[in-house]
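The values are calculated or read from the model by the stated rules, or taken from the named source; none is laboratory data. Because the structure is a prediction, the values reported are computed rather than measured. Cβ coordinates were reconstructed from backbone atoms using ideal geometry, including for glycine residues, and neighbour counts include every protein chain displayed. Note: areas computed on protein heavy atoms with side chains; ligands, DNA, RNA excluded. Shrake-Rupley method; radii C 1.70, N 1.55, O 1.52, S 1.80 Å.
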Amino acid sequence: MDKRSFDKLEFIENHLQPAFLIEGQEQPGMTLAERMAYYNVPGASLAVVENGEIAFAKAYGLADAETGQPVTTETLFQAASISKPVSALAAMALVQAGKLDLDADVNTLLKSWQVPENEFTQTEKVTLRRILSHNAGLTVHGFPGYAQGVDLPTVQQVLLGQPPANTEAVFVDVLPGSIWRYSGGGTTVAQLLLMETTGLTHAELMQKYVLGPAGMQHSTYQQPLPPHRRAEASTAHSANGKPVPGKWHTYPEQAAAGLWTTPSDLCRYVIAVQRSYLGQPGAVLNPEIAKEMLRVQFDSFGLGPHIMGEGQSLSFSHGGSNEGFRCEMMGYAHTGQGIAVMTNSDNGGSLCQEILRAAALAYGWQDYLPPVKPAVRLPEDVLQSYTGVYAFTEQPEVVITVTCQDGQLMVQTPVAPGKVMPLFAEAEAKFFETDMGLLIRFEQQNDQQVLELQISNFKMQAVKSSQNPTA
């Protein structure tokens with residue numbers, strides 16, 4: 001590692017950034033070690049791309065909190081939903097080869113299972129383009145995985161929702177092409193399409209079309225993970241820091257959630273996409289196909305990755321969340337820069353984001369720098385009026401607790417179990433939290449006090465059910 005890269009790594013390790021900065025307050029440097037302890041994350045691993053090459057990779061902490069096994073840069077983590085854009089690269093390679101059509105009705109190609117026809121599919125069809133950009137109208141958001149030792153469903157059983165599958169059947173319930181809605185079920189339709197088109201298992205076709213050509217030598221889509229590779233893998237950990245029973249879940253929904261990999265290998269995916277986009281040696285796709293993949297198709301998604309910016313700031317990214325694993329990956333199409341961060345904890349999501357923002361500060365990635373928000377003081381009686389227990393309207397058994405301590409509003413939410421986090425007012429009834437980037441707004445609706453919680457682009461409402469936060 002050259003000195004410049006070493007300096008960047010050292011900066012990242014010592015300047016983790018919160019979701020929001022508070023106007024007028026100096027932001028103290030947060031170290032990676034401190035934040036791992038704060039979030040109770042046993043292990044983390046990261047790699048950074050600079051000038052189209054991996055500049056550095058480093059691992060931290062433990063692969064297993066009980067055995068004390070350390071994380072190395074070759075330790076495997078579950079990439080979770082980052083499996084989707086990596087699988088999409090294989091789909092685009094098959095499109096390039098003329099074996100798949102982005103805009104054909106997938107039912108004209110599927111053999112062993114078909115998208116059920118109904119009133120929504122009469123005029124608009126489910127296509128590979130719509131599946132990869134999450135606007136095919138297909139159901140099933142994500143998958144919980146399967147504990148060790150239980151029977152695993154086939155891909156067809158997953159799509160049919162038949163035992164031993166633990167999720168509902170996949171079908172169309174809105175007009176294809178009409179709305180954006182994230183669908184792991186749709187990605188599983190694509191998995192079957194790729195398998196039937198190539199005559200290969202998903203693990204085999206991914207090795208042939210992506211993992212091998214991109215040099216992702218440590219990666220595999222094999223589910224379950226073969227016995228001879230189990231020693232390479234990190235254990236998944238719950239929010240309480242305890243290993244998940246059986247060490248991890250198994251995901252037969254391989255295209256949606258089944259990739260085992262390392263940050264360095266994810267960076268090799270980033271590099272392969274960058275080289276494809278720019279028409280450089282080592283490309284997996286030709287520039288025309290790569291540019292279509294990184295073009296916004298619907299909402300903010302391309303064909304696989306999430307897309308931000310344009311011109312020199314065009315970036316592609318995706319996050320991942322499996323049982324006991326959280327990760328993030330991002331690359332810039334033009335500049336040969338990118339990053340991948342992987343953790344082995346349900347608490348790792350915020351840590352990944354803090355590392356990403358530290359890298360943004362180190363490299364000047366404007367799109368990923370934390371926004372600065374004003375914080376105002378509100379009278380104690382106003383703050384007290386917001387305290388209480390709020391039950392989610394769609395899941396009344398799930399609650400948010402708001403308290404007031406020494407003139408500071410505090411919140412405990414199901415998205416951060418066990419954490420009591422300070423809220424800062426940017427206006428009356430409008431608050432923010434700096435660890436996870438929660439936005440909270442209070443309002444009266446039909447004589448009820450309602451709390452609206454927003455994280456990223458997701459909004460949820462909860463109704464005040466008790467004035468006493470201890471009730």
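Annotations for the structure displayed:
- In the stretch 350-367 there is no residue matching the filter, namely being in a loop (DSSP other than H, G, I, E, B) and in contact (Cβ under 8 Å) with a residue 60 or more places away in the chain.
- Every residue from the stretch 254-294 that is more than 20 Å from the chain's Cα centre (by Cα) and among the basic types (Lys, Arg): Arg275, Lys291
- Just so you know, in the stretch 23-50 the residues that are under 18 Å from Pro370 (Cβ atoms) and among the charged types (D, E, K, R) include one that is most open to solvent (accessible area, probe 1.4 Å), and it is Glu26.
- Any hit, the stretch 264-278, residues being among the charged types (D, E, K, R), touching a Gly at 6+ places or on another chain (Cβ under 6 Å), open to solvent by 50 Å² or more (accessible area, probe 1.4 Å) and not in a loop (DSSP other than H, G, I, E, B): yes
- Being at pLDDT 95 or above, surrounded by fewer than 16 Cβ atoms within 10 Å (Cβ to Cβ) and not in a loop (DSSP other than H, G, I, E, B) is a property that Gln156 has.
- The stretch 165-182: number of residues that are open to solvent by 20 Å² or more (accessible area, probe 1.4 Å) and closer than 18 Å to Gln297 by Cβ: 8
- Qualifying position, being touching a residue at least 12 places away in the same chain (Cβ under 8 Å) and open to solvent by 20 Å² or more (accessible area, probe 1.4 Å), among Glu433, Glu428: Glu428
- Residues located in the stretch 88-106, provided they are in contact (Cβ under 8 Å) with a residue 24 or more places away in the chain and either closer than 18 Å to Arg181 by Cα or open to solvent by 10 Å² or more (accessible area, probe 1.4 Å) (or both): Ala88, Ala93, Val95, Gln96, Lys99, Leu100, Asp101, Leu102, Asp103, Ala104
- Summed over the stretch 304-335, the residues that are open to solvent by 30 Å² or more (accessible area, probe 1.4 Å) and in contact with a His (Cβ under 7 Å, 6 or more places away or on another chain) give a count of 3.
- A single member of Phe20, Phe56, Phe77 is open to solvent by 20 Å² or more (accessible area, probe 1.4 Å) and within 30 Å of Thr335 (Cα to Cα), and it is Phe20.
- Residue in the stretch 107-122 that is within 23 Å of Asn286 (Cα to Cα), hydroxyl-bearing (Ser, Thr, Tyr) and open to solvent by less than 30 Å² (accessible area, probe 1.4 Å) present: no
- Taking the stretch 37-60 as the range and being closer than 18 Å to Asn240 by Cβ and either among the aliphatic types (A, V, I, L, M) or touching a helix residue (DSSP H, G or I) at 6+ places or on another chain (Cβ under 6 Å) (or both) as the test, the residues that pass are Ala37, Tyr39, Val41, Ala44.
- Restricting Gly98, Gly149 to those that are at pLDDT below 95, out of contact with any Phe, Trp or Tyr (no Cβ under 6 Å at 6 or more places or on another chain) and either assigned to a helix (DSSP H, G or I) or of a type outside the set (Phe, Trp, Tyr) (or both) reduces the list to Gly149.
- Residue within the stretch 115-138 that is in contact with a helix residue (DSSP H, G or I) (Cβ under 7 Å, 6 or more places away or on another chain), more than 22 Å from Phe298 (Cα to Cα) and of a type outside the set (Ser, Thr, Tyr) present: no
- Residues of the stretch 181-192 include at least one that is out of contact with any His (no Cβ under 9 Å at 6 or more places or on another chain), within 19 Å of Ala79 (Cβ to Cβ) and in contact (Cβ under 8 Å) with a residue 40 or more places away in the chain.
- Strands (runs of 3 or more DSSP E) contained entirely in the stretch 370-442, each with at least 1 residues that are in contact with a Lys or Arg (Cβ under 6 Å, 6 or more places away or on another chain): 388-392, 424-427, 430-432
- Considering the stretch 279-303, the residues that are small (Gly, Ala, Ser) and in contact with a strand residue (DSSP E or B) (Cβ under 8 Å, 6 or more places away or on another chain) include one that is surrounded by the fewest Cβ atoms within 10 Å (Cβ to Cβ), namely Ser300.
- Taking the criterion of being of a type outside the set (A, V, I, L, M, F, W, C) and either modelled with pLDDT under 95 or open to solvent by 50 Å² or more (accessible area, probe 1.4 Å) (or both), the residues of the stretch 59-74 that qualify are Glu66, Thr67, Gln69, Pro70, Thr72, Thr73, Glu74.
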